[in-house]
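The values are calculated or read from the model by the stated rules, or taken from the named source; none is laboratory data. Quantities reported herein were computed from a predicted structural model and do not represent experimental measurements. For neighbour counting, all protein chains shown are included, and Cβ atoms are generated from backbone atoms with ideal geometry for every residue, glycine included.
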């Protein structure tokens, strides 16, 4: 019996030792597991079935700033703010009800700032299936969220930048399907971003070479094919000029640049194409070429007109003198001389047009109401014709600062063309209104306030192939036309800081549109009383003309002789010389001798010598009251239009007649316009 009991005791002792060894092993494993959990970088916590904390690791303690010894036995409402505690309690309830692992994302205030977590929670059951608690394993994604937020901001900034770019931008994937299309690219192609996304690029973007047809898309294929491989430092395809055909068939010139998009491994992940609308640049280039051509012709026209005016001055002056000398004799001679004189006057009109076209025709601007200039010019030109004008002029039209004489010439030239286009009978519609440009919408026209004048006819229109030439000098489609009318018009408008253009469709008439800068802050002048009409015919005769002394200076011997004889015929004592230096010497000599000149007529420019421009200052030093008249074939020179600003008392444009001289001296020597003292 005792032996049996002893055997039982040994068996029990062995079993106890096995249990002790097993418990020791399990305790070691548990210690290892606790060490792993405690040192994990992820916050880990366990709550019992009542929601009270039974365990948290060190990272959880660090984030909550509460040790396990304090946390143990407490629930969420004793540790966290109520909104956070309520959120955690709701999550635990969902996990217990689901009986499986659930994932949550939340942001909670920890360590004085918001922290974002992805938390996995799962229930723990005992061997009988009873709930022991809920375990939470958290992953801190705060930094990831910050990066996401910054990336979203960068993407938004990029999207705003792309939308605001004046160039079109298209990006594609490696298979050349559209990924992105900014607003300007949508305008150019006619495809919205939603419509274009995912479509093959050649379907959205159709390019062709200038001068080529719109069929096919070979140029785009060539550009894409020539894009270099993505390697560090390699640029994209150089700028290529092309014609872009939009979805609706509209064609416009563009410059396209293509670059490949690399990833961090320098592998191509797509392309970016930049489209620049060149319509404005091409227009400016054409305008610049036209301007340079006009400037060259202006210099030529000015020189020709000046020399021609000198010839005409000698012819016209002698003709007018012959007419005056033979007027009393009667017969055919006065009539024939009159015909020659009228022909010379026509030639003078032609040189005046050339001078207006030339660069010397600077406008003498004053603030004016454009409607008055328009109506006066139109009514004068169309008087006695079967053409009439219909006006649509804004009541609050801004004033403009213009040379009214030149602007009247512009309006008459355009209206004359319109009337002739309609065969001399019909209605010309004239519209005038205010417009403000916030950017350069018309080539060469700066942003600002303008008055827009549109003159439209109902004629056959201008053929498309001729529209670019209508402002070219000496180009005309009318028999006998000089081809200067619209060239002069273009020149005048440009010198006023404006722009003129024409729009025409065959069979639908033509509209000329003129933009003139509005006068800024300058009031309209009050209308002045009308001046008396200048006298015509012979104002004085040799028998009654005063014996006044005149000094004339001109390098052209024919002109000098002609002027001398006319003045002698009119009863003046005349001294002639050929340059400014001699004129100053002669004036000083006569002034010292007490024989002061009552007037001096000086040519404006003397090649290789002193002209009136320089000599007037010397005469003024000798005699501040000297009466000096400037004369020139450059009748549109600024000095000729603002002679008083340069020290002159009057102006005598070449060519001139005897009546012009009589009228000039009548004004200079009258009691109301007298400049100098009585003759010595």
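In summary, residue 445 fulfils each of the numbered conditions (1) closer than 29 Å to residue 641 by Cβ; (2) in contact with a strand residue (DSSP E or B) (Cβ under 7 Å, 6 or more places away or on another chain); (3) surrounded by fewer than 16 Cβ atoms within 10 Å (Cβ to Cβ) with the single exception of condition (3). Entry remark, region 427-442: residues being surrounded by fewer than 18 Cβ atoms within 10 Å (Cβ to Cβ) and over 15 Å from the mean Cα position of the chain (by Cα) number 5 in total. Listed by position, the helices (runs of 4 or more DSSP H) inside region 1-83 whose residues that are modelled with pLDDT of 65 or more and loosely packed, with under 14 Cβ neighbours inside 10 Å number at least 3 are 2-39.
Exactly one residue out of 664, 619 is farther than 25 Å from residue 324 by Cβ and buried (at least 18 other Cβ atoms within 10 Å of the Cβ): that is 619.
Just one of the listed residues (209, 197) is loosely packed, with under 15 Cβ neighbours inside 10 Å and closer than 14 Å to residue 243 by Cα, namely 209. Determine whether region 578-596 contains at least one residue that is over 17 Å from residue 665 (Cα atoms), surrounded by fewer than 21 Cβ atoms within 10 Å (Cβ to Cβ), in contact (Cβ under 8 Å) with a residue 60 or more places away in the chain and touching a strand residue (DSSP E or B) at 6+ places or on another chain (Cβ under 8 Å). Scanning region 578-596, I find at least one residue that is over 17 Å from residue 665 (Cα atoms), surrounded by fewer than 21 Cβ atoms within 10 Å (Cβ to Cβ), in contact (Cβ under 8 Å) with a residue 60 or more places away in the chain and touching a strand residue (DSSP E or B) at 6+ places or on another chain (Cβ under 8 Å), so the answer is yes.
Is it the case that residue 104 is touching a residue at least 12 places away in the same chain (Cβ under 8 Å), touching a strand residue (DSSP E or B) at 6+ places or on another chain (Cβ under 7 Å) and crowded, with 16+ Cβ neighbours inside 10 Å? Judged against the criteria, residue 104 is a match. Listed by position, the helices (runs of 4 or more DSSP H) enclosed by region 591-680 that each have at least 2 residues that are at pLDDT below 90 and closer than 23 Å to residue 558 by Cα are 658-669. Restricting 43, 123, 109 to those that are touching a strand residue (DSSP E or B) at 6+ places or on another chain (Cβ under 9 Å) and farther than 28 Å from residue 148 by Cα reduces the list to 123.
Looking at region 166-215, the helices (runs of 4 or more DSSP H) lying wholly inside it that each contain 1 or more residues that are in the same structural domain as residue 258 (by TED's automatic domain parsing) and under 13 Å from residue 273 (Cα atoms) sit at 183-189, 201-204.
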